1. If I go through segment 126-138 residue by residue, how many of them are in contact (Cβ under 8 Å) with a residue 12 or more places away in the chain and small (Gly, Ala, Ser)?
2. What pairs come up if the first residue lies in segment 86-100 and is more than 19 Å from ASP66 (Cβ to Cβ) and in contact (Cβ under 8 Å) with a residue 12 or more places away in the chain, the second is polar (S, T, N, Q) and in a helix (DSSP H, G or I), and their beta carbons are under 8 Å apart, counting only those six or more places apart or on different chains?
3. Taking ARG91 as meeting all but one of (1) in contact with a Gly (Cβ under 8 Å, 6 or more places away or on another chain); (2) at positive phi; (3) not acidic (Asp, Glu), write down the number of the exception.
4. For segment 96-125, what are the residues that are more than 21 Å from ARG168 (Cβ to Cβ) and either in contact with a strand residue (DSSP E or B) (Cβ under 7 Å, 6 or more places away or on another chain) or among the charged types (D, E, K, R) (or both)?
5. Taking only segment 118-175 into account, find how many residues are among the charged types (D, E, K, R), farther than 22 Å from VAL63 by Cβ and in a helix (DSSP H, G or I).
6. Kindly evaluate CYS117 against the criterion of being buried (at least 20 other Cβ atoms within 10 Å of the Cβ), at pLDDT below 90 and assigned by TED's automatic domain parsing to the domain that holds ARG169.
7. Regarding segment 128-147, can at least one residue be identified that is under 20 Å from PRO73 (Cα atoms), at pLDDT below 95 and crowded, with 16+ Cβ neighbours inside 10 Å?
8. Are there any helices (runs of 4 or more DSSP H) wholly within segment 34-103 with 3 or more residues that are small (Gly, Ala, Ser) and at pLDDT 95 or above, and if so which?
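The values are calculated or read from the model by the stated rules, or taken from the named source; none is laboratory data. Bear in mind the structure is a predicted one, so any value in this text is a computation, not a measurement. In this analysis, Cβ positions are derived from the backbone assuming ideal geometry, glycine residues included, and neighbour counts consider all displayed protein chains.
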Amino acid sequence: MNISLTDHDAALRREKILIAARWCFLNFGYTKTTFEDIARRAELSRTLLYRSFKDKAAIHRAVFADWLASRYPAARQAMKGPGSPYDRLFRVCTLMVLEPWAEMAGTLMGCELHEVCKRIDPESAALYRQTMHECVAAILGDESDAEVFLLALDGLLADRPSAETLERRTERLAARFAPFFPAEGKTS
């Protein structure tokens, strides 16, 4: 029972660290965030922080995995789930882009998250892109259309829109690629 309590405490501490670190990375940026910033935000000592993570890059990788990679199963489920191609495509975009963007949009350094991940954890960044491509291609039924859709989706982020503006833009984009009616009902 004592081991279980210790494991539980470690899991709670890890969650507290990841929430604090995500806030710091989004507001200060990766470069300017220090272990001290994360420890202070998590209300922990730096010693406890070092017991959980060896360095800032390890924390950033864990933040990315906890916050974004944890969405992959739900995105794959949405891809295969009920609804029109539009409904499924918009649900995947909501899980993988719109919900994270809603948190990132109001921060000073939110747009940096993916760029830093590409630099310090290229495998995770590639897996994120691969998962998005897999889901979109399965819904649209075409690899090339999926790539064009994802490039267009990237373009919707270029001017760092509000979460509401990005949602409206994504609705329009999804409607262009996967109209509201089922694929079988499309006419050319």
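1. As a first pass, look at segment 126-138 and keep what is in contact (Cβ under 8 Å) with a residue 12 or more places away in the chain: 127-129, 131-136, 138.
If we keep only those that are small (Gly, Ala, Ser) as well, we get 138.
Adding up the residues that qualify gives 1.
2. Qualifying pairs under 8 Å: PHE90/THR170; CYS93/THR170.
3. Just one mismatch for ARG91, condition (2).
4. Pass one, segment 96-125, residues more than 21 Å from ARG168 (Cβ to Cβ): 108-109, 112-125.
Listed by number, the residues that qualify are GLU112, GLU115, LYS118, ARG119, ASP121, GLU123.
5. Here is the first cut: in segment 118-175, the residues among the charged types (D, E, K, R) are 118-119, 121, 123, 129, 134, 142-143, 145, 147, 154, 159-160, 164, 167-169, 171-172.
After this cut, where a residue has to be farther than 22 Å from VAL63 by Cβ as well, the list is 134, 142-143, 145, 147, 159, 164, 167-169, 171-172.
Now narrow it down to the ones that are in a helix (DSSP H, G or I): 134, 143, 145, 147, 164, 167-169, 171-172.
Adding up the residues that qualify gives 10.
6. Numbers: buried (at least 20 other Cβ atoms within 10 Å of the Cβ): yes; at pLDDT below 90: yes; assigned by TED's automatic domain parsing to the domain that holds ARG169: yes.
Against the criterion (buried (at least 20 other Cβ atoms within 10 Å of the Cβ), at pLDDT below 90 and assigned by TED's automatic domain parsing to the domain that holds ARG169), CYS117 qualifies.
7. Yes.
8. Values: elements: 35-42, 46-52, 56-67, 72-80, 85-93.
Those helices (runs of 4 or more DSSP H) span 72-80.
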